[in-house]
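Down below is the structure, laid out as structure tokens.
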């Protein structure tokens, strides 16, 4: 092709025509050297003698009809374009920038990786570990926590896209030291520790520190603060189970403590709560003081009022004993002959006796033999026969028969095989084992009496309806069940201790700082408002602990927001919520090797 028919691309020029970039039709003159448009005029006329000659190329239509203006400028003009940098100049700029950056990096970091002007920072170092982790390192450096990726070029390149955090899903090195449990992260479904915990921020950086924004980054429900938008507490909060102790706060505060008869024993005004609750040990819960400190003044007499009847001599139709077998041992000369026999007892066997010897108490013919054998063995061997019967039912005979006198048992049995009422020594006011006319009984010596507790636990384990109706009732032996509730879920259990409400998953609440601010015992009902419409005694008329009405009204967001708001005491998510499975669970059991690793959390 000839030059007049084609435009010249000018590869050495630093700029290209803007019309070429947009429409592929560059102007013939092209951009000026300074990058401005050179194609506003269609040509640059040339002077020939005293005339100006049009120089528009043939490819653009050739010489125009009007020709140049008298001053030598082109008569045909067009708007200017915006020239752009050519490929050549663009490449030059990139190469120059890369070269400059390389020189700058070499100057700044050198071959050792340290900045020239500072010895405290290393380009190869992510930053100092917090003190607890730094002291726990084995000396291997980064690979103590991170998988190495510098063994070869391919591994180094793979590290660009591969997660090399210490808690990667396939190899969580955090768990090499920290004991959290297999389900620690399940409630939040977070796969890695570094989602919340950040390292390499300094020796004193708190690795457990989290912001509300971090929590909100995952939680669907967003809100401004605790007092502005926090979801409502669940219905009935925080009362989700019946208490183990049958204690009616409303009746005690409004009736019993106000009764003039108990004025000397009732706590003074403003001291009602702390008379039972020990605020010096307040944590998540405020534990109850001992029975002696809080209950004994009014209720100690009830413990000894009702004895436990372990055995009661039943009625016999015929004399089941061979009179000659007991003449020498019992030294009785008043044994009646079989023809003259009239049973000294007219009672049926009590439920415990029937359960121990496994017979129907309403059928005299079936229980005469076992009862007779028990009395014979009691005369010959003391409590051994009774011990064996208890062991057959998986009972704790050591605790249940603790203190039972073999001599007393023999003397009572001798009287009964002689068809006489037993006349023993005067019954001790201190409690313990004793025998009266026709029975063997035990009276509790004090609150928490181990023998009484053992018998009631034994009865609960047997799940015998007749025994339960006799022993596990509010007016039963020792008065135990009047306060200690009986529950039946997978098994029948007696609530011997005040149940400390278990920590809810991911939730914590400390009473102590609240008591320090409000004053122990003075402001309890700010949060714990008694529901006077509820009779909590009815909760214990059945055995299901999940069927109940709380004696206090529900605690609501509004209750807490009276203090916890932006104007008074604001609180973030971690003020009440804990991630690792409940209050203090992680702090109590952090390390697998507690003897070799210093704990500073």
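The values are calculated or read from the model by the stated rules, or taken from the named source; none is laboratory data. All values reported here derive from a predicted model rather than from experimental measurement. Note that each Cβ is placed from the backbone with ideal geometry, even for glycine, and that neighbours are counted across all protein chains shown.
Below are the figures for this structure:
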{"read-out": "Count of the range 372-400 residues which are in contact with a helix residue (DSSP H, G or I) (Cβ under 6 Å, 6 or more places away or on another chain) and closer than 16 Å to residue 459 by Cα", "value": "9"}
{"read-out": "Qualifying residue in the range 358-373 (condition: more than 60 Å from the chain's Cα centre (by Cα) and assigned by TED's automatic domain parsing to the domain that holds residue 451)", "value": "no"}
{"read-out": "Residue in the range 119-129 that is modelled with pLDDT of 75 or more and surrounded by 15 or more Cβ atoms within 10 Å (Cβ to Cβ) present", "value": "yes"}
{"read-out": "Answer from 599, 588 - the residue that is at pLDDT below 75, more than 25 Å from residue 228 (Cβ to Cβ), surrounded by fewer than 15 Cβ atoms within 10 Å (Cβ to Cβ) and in contact with a strand residue (DSSP E or B) (Cβ under 7 Å, 6 or more places away or on another chain)", "value": "599"}
{"read-out": "Unique match (being assigned to a helix (DSSP H, G or I) and within 44 Å of the chain's Cα centre (by Cα)) among 390, 379", "value": "390"}
{"read-out": "Flag for residue 516 being out of contact with any helix residue (DSSP H, G or I) (no Cβ under 7 Å at 6 or more places or on another chain), crowded, with 18+ Cβ neighbours inside 10 Å and not in a loop (DSSP other than H, G, I, E, B)", "value": "no"}
{"read-out": "Residue within the range 22-32 that is under 25 Å from residue 12 (Cβ atoms), in contact with a helix residue (DSSP H, G or I) (Cβ under 7 Å, 6 or more places away or on another chain), free of Cβ contacts under 8 Å to residues at least 24 places away in the same chain and surrounded by 10 or more Cβ atoms within 10 Å (Cβ to Cβ) present", "value": "yes"}
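Residues are listed down the side, and each one gets a yes or a no for (1) modelled with pLDDT of 95 or more; (2) assigned to a helix (DSSP H, G or I); (3) touching a strand residue (DSSP E or B) at 6+ places or on another chain (Cβ under 7 Å):
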site: 404; (1), (2), (3): yes, no, yes
site: 411; (1), (2), (3): no, yes, no
site: 420; (1), (2), (3): no, no, no
site: 427; (1), (2), (3): no, no, yes
site: 440; (1), (2), (3): yes, no, yes
site: 451; (1), (2), (3): yes, yes, yes
site: 454; (1), (2), (3): yes, yes, no
site: 458; (1), (2), (3): yes, yes, no
site: 461; (1), (2), (3): no, yes, no
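Per-residue answers, yes or no, for (1) at pLDDT 90 or above; (2) in the same structural domain as residue 468 (by TED's automatic domain parsing); (3) not in a helix (DSSP H, G or I):
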| residue | (1), (2), (3) |
| --- | --- |
| 520 | no, no, yes |
| 525 | no, no, no |
| 539 | yes, no, no |
| 543 | yes, no, yes |
| 548 | yes, no, yes |
| 566 | no, no, yes |
| 570 | no, no, yes |
